[in-house]
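The values are calculated or read from the model by the stated rules, or taken from the named source; none is laboratory data. All figures in this text were calculated on a predicted structure; none of them were measured in a lab. As a convention, Cβ positions derive from the backbone with ideal geometry for all residues, glycine included, and neighbour counts pool all protein chains shown. Side chains included, ligands, DNA and RNA excluded: accessible areas come from the protein's heavy atoms. Shrake-Rupley method; radii C 1.70, N 1.55, O 1.52, S 1.80 Å.
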Amino acid sequence: MYLANQQIMNSTVPLIDRMAGIGLYATKFEGIRGSIKEKNEDFKVLELLTESISKDISKIPDKSYRFPLLLLNKRGLDSNHAIMEILNQLGTRIRVLGIKDAKAVTTQYATCEGSKYEEGATSHTSLSLVGFTRHSIRKSHIMGNQFEISITNPNRNDISEFITEIRNIPNYYGLQRFGSERLVTHLVGREIIKRNFKRAVEIFLCHTTEYDTQFSKEIREKFKDPKNYGKVIKTIPRGMDLERNILRSLANGRDYIAALRSVPINIRRLFVHAYQAFIFNKCLSNMIRDGESITACIKNDFCFKLENQLTLGKLMKYLNDDNTEMVPAMHLPGYSFKSTDGRIERKLSHILKEENISPKDFYIKEMQELSVEGGFRQLPLLVNDFSYSDDLLVKFKIPVGSYATILLRELMKPNDPIRSGF
């Protein structure tokens, strides 16, 4: 009966989800529809620091506490463009630990090079000093994210049945990882992995979907002909700064690898990371479809030991059934991946064969800065402190690297994720 239900639900999954490797819903909950992000204030995110940092901050710098910890508040702007805006308007070059959505109000931590910084406000951000830390903060110092999200125009307000299924929600990568409505990032990454650098550039410049504006479709059509580059560079809108960099490189006679390298390194790496994410999503969908548990560890699984509700601890091979404080994990595809006798590794190896790639392809000699070793990611979403009000303001916490929209898609089951704010 469970698999039959899964097959029924699978037929209702929107095409754009399936294009990102998300093949099914994991909950039986009917879904309340509605929309999110009607305005920036409807989607609030707060980064949560680990106690090792939050309880060891000095207000005054000295030899021990010499690393400034900054608080970045922003609205209506993604993290990468917020960094540029702060540099241009405050003259401070900051480094953030996580990429936050544009259509949202977000609070995240940052640091800066050296000890020079300027507090203040820009058009879309404010930057303030929290204090000074013993060590420069890293991604591992972020425990998770806390969300407050308003769902507008739902079909109904009673979601009590949904709460009983929260633990079954898979830890998919959300559409944001793939470029949302354009859904292009992983397609570029796939061609980079396959060493088709010309095709990677062509896809990034010219790929469109039904969600693109007519203007976007028209200008991307012009990108197909190199004869148009000189003219198009002059008229390309500010929001297409990455495309402008690539077109300038090509117009100046540089090769396709050099053109890709005109894109900032943090965004360039997202191409390959998004392709990893696509394979992860596809493998996780196949596991659920085949009736595999994603919440309970089984012999020969790689599993994370939970340090607390949000923090993943040591990774280990699961050999017995006497430790319940563990969650199964999947090896992200990379050059260190080796197929073993584990159920998850077997399925991952099968998908790599379907994609006609091997682990060694993730070591890219031509662009070594984009090579990826692999790493691990937990299978369940691990939702904590979930609550909701009658007007459908939902609050919850999830570990760093997980996506709030994955919980929301199971709760809302939108017919059209993009038009519903995803």
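With the cut-off at 1.5 for a/c, could you classify the chain from its C-alpha gyration tensor as rounded, prolate or oblate? Numbers along the way, then the final one.
Numbers: a/c = 1.32, a/b = 1.11, b/c = 1.18.
In terms of gyration-tensor shape, rounded.
Taking the inverse of the average 1/r across all pairs of different Cα atoms in region 107-228, what Kirkwood radius in Å do you get?
So the Kirkwood estimate lands at 20.0 Å.
For the chain, DSSP calls about 95 percent of its internal beta bridges antiparallel. Which of the helices in the chain meet the span-like rule: DSSP H, Cα axial reach of 18 Å or more, Kyte-Doolittle mean at least -0.5? Those that clear 18 Å and a mean of -0.5 are 265-289.
How much length, in nm to one decimal, is gained on full extension between THR12 and ASP225, taken as 0.36 nm per residue of separation minus their Cα-Cα distance? Can you show the working numbers first?
Details: separation 213, 0.36 × 213 = 76.68 nm, distance 3.87 nm.
Fully extending the segment from THR12 to ASP225 adds 72.8 nm.
Once the Cα-Cα distance is subtracted from the 0.36 nm per residue extended length, the GLU30 to LYS198 segment shows a gain of 56.1 nm.
If you take every residue apart from ASP341 with its C-beta less than 12 Å away from the C-beta of ASP341, what net charge results, scoring Lys and Arg +1 and Asp and Glu -1? Don't skip to the answer; put the middle values down first.
Working: positive: LYS299, LYS317, LYS338, ARG343, ARG346; negative: ASP301, GLU345.
Result for the local shell: +3.
For the chain, with every protein chain kept in place, what is the accessible area per residue (1.4 Å probe, Å²)?
Numbers: 19880 Å² over 422 residues.
Result: 47 Å² of accessible area for each residue.
Expressed as a whole percent, the accessible surface of the chain that belongs to carbon and sulfur atoms is 48, based on a 1.4 Å probe. The separation of region 85-110 from region 361-375, counted between C-alpha centres, amounts to 27 Å.
If the limit is 23 Å between Cα atoms, which of LYS139/LYS365; LYS37/LYS305; LYS299/LYS347 go over it? Before the final figure, lay out the partial values.
Numbers: LYS139/LYS365 27 Å; LYS37/LYS305 35 Å; LYS299/LYS347 16 Å.
As for pairs spanning more than 23 Å Cα to Cα, those are LYS139/LYS365; LYS37/LYS305.
The label-point distance for ARG93 and ASN308, in a model that sets each label 7 Å from Cα toward Cβ, rounds to 3.4 nm. Relative contact order, whole percent, for region 40-149 stands at 45, derived from Cα pairs under 8 Å and 6 or more residues apart. Charging the Cβ of each Asp and Glu at -1 and of each Lys and Arg at +1, and nothing else, the dipole of region 37-165 about its Cα centre rounds to 580 debye. Between LYS395 and THR213, the contour length at 0.36 nm per residue exceeds the alpha carbon distance by 62.2 nm. Charge tally for ILE294 (other residues, Cβ to Cβ under 12 Å; Lys, Arg +1; Asp, Glu -1): +2.
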